[in-house]
Amino acid sequence: MIDYNDIRDKRIAVLLSGGVDSSVVLHELASNGMRPDCFYIKIGPEETEEWDCSSEEDMEMATSVAARYGCRLEVVDCHREYWDKVTTYTMEKVKAGFTPNPDVMCNRLIKFGAFDEKAGHDYDLIATGHYAQTEIIDGVKWLTTSPDPVKDQTDFLAQIYDWQLRKALFPIGHYMKDEVRQIAEREHLINARRKDSQGICFLGKINYNDYLRRYLGENPGDVIELETGKLIGRHKGLWFHTIGQRHGLGFGGGPWFVIRKDLKQNILYVSKGYDPRQAYSDVFGIRDFHFLSPEAGTQLPDKVTFKIRHTPDWHEAKVELSAEGYIIHSSKPLHGVAPGQFCVVYDDEHHRCYGSAEISATVEQ
């Protein structure tokens, strides 16, 4: 938990999204005698309204909550920065056959990046509604996990820079999601029962594949059964598919799992069955590891825990040094390990987050 006596003299910016989590963040600060400045970040890939994620409802909610606590609210337009940085990152990765995570890069490049350049540099701390915590251990600030395993968002924060972590403040990180809802309802916040946003933030109701099609078009190619070499059908573009995908493939005689992509030949390889062995991996490489707290050292221990996607599950592993980074030896096979995914690494108690790195490739045993 945060000791508010330690930050009472700090200049604090709160990022209000219009959702219940960031609204309870403002309540927590205000109820502890603070009046931070509030900011609503406008983002999206283009200036056209149909692709704009900053809805009127979001703004109305944020404005109402800020006024409730006597705080000023300023809109910070990061529309162009999102397009130039996050959307470009996403398109480049999917074109290269990888599985990117735009929300991870949004935290580094926009919420703690572009925002800081435009307005946050005047503040000591930037408070958000993430379900995460920070702790000072032996004089070093660490990102640590939330007690709510379902909502824990340390995986989305594992690429922020160390200077960004030093400014990060997570006032609801010690709560369970149900507790946050209860606080919002007890305080009669306007958005107490508002549903959480889902998917990539700026897309709203827009289908992700339609988004990819708009910017990358289509590039048809063959779909081949990995084991037999049999032609199963045609795909419309490798970027519409992810390793481990089963739903939405549209091929008869299945079920089929996406196993591999051949970018040079533009071939999608699939395996048949409800749970094919080829869909699992327990050894994979990671490259360019990003350490959140480099002052504590830039070497991973031999035993760690990790996760490769945003789920409550985490896994034990042994770590081996490699030429480009590390090799992760998972204690059990994992489904759908895909190059480009972020592997987020924690200590062996799944408490302190060391940081994350992109998965480079699975390793044949």
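Some observations on this one:
- Residues in region 117-137 that are in a helix (DSSP H, G or I) and open to solvent by 20 Å² or more (accessible area, probe 1.4 Å): Glu117, Lys118, His121, Asp122.
- The residue that is farthest from the chain's Cα centre (by Cα), counting only those in region 230-258 that are surrounded by fewer than 20 Cβ atoms within 10 Å (Cβ to Cβ) and assigned to a strand (DSSP E or B), is Leu231.
- Residue identified as more than 26 Å from Ile308 (Cβ to Cβ), assigned to a helix (DSSP H, G or I) and either among the hydroxyl-bearing types (Ser, Thr, Tyr) or in contact with a helix residue (DSSP H, G or I) (Cβ under 8 Å, 6 or more places away or on another chain) (or both) among Ala184, Ala192: Ala184
- Cβ-Cβ distances below 8 Å connect the following pairs, each with a first residue in region 329-350 that is in a strand (DSSP E or B), a second residue that is open to solvent by 40 Å² or more (accessible area, probe 1.4 Å) and among the hydrophobic types (A, V, I, L, M, F, W, C), and a separation of six or more residues or different chains: Tyr346/Trp314.
- Condition check for Ser64: in contact (Cβ under 8 Å) with a residue 40 or more places away in the chain, of a type in the set (Ser, Thr, Tyr) and surrounded by 15 or more Cβ atoms within 10 Å (Cβ to Cβ): yes
- Residue match in region 212-226 (condition: within 29 Å of Phe291 (Cβ to Cβ), of a type in the set (S, T, N, Q), at pLDDT 95 or above and open to solvent by 30 Å² or more (accessible area, probe 1.4 Å)): no
- Some residue of region 282-289 being open to solvent by less than 80 Å² (accessible area, probe 1.4 Å) and under 22 Å from Phe112 (Cβ atoms): yes
- Just one of (1) under 30 Å from Gly139 (Cβ atoms); (2) among the acidic types (Asp, Glu); (3) part of a strand (DSSP E or B) fails for Glu295. It is (3).
The values are calculated or read from the model by the stated rules, or taken from the named source; none is laboratory data. The shown structure was predicted, so the numbers you read here are calculated from the model rather than taken from an experiment. Don't worry about glycine lacking a Cβ; one is built from the backbone with ideal geometry, like all the others, and counts go over all protein chains shown. Just so you know, the surface numbers come from the protein's heavy atoms only, side chains and all, with ligands and any DNA or RNA stripped out. Shrake-Rupley method; radii C 1.70, N 1.55, O 1.52, S 1.80 Å.
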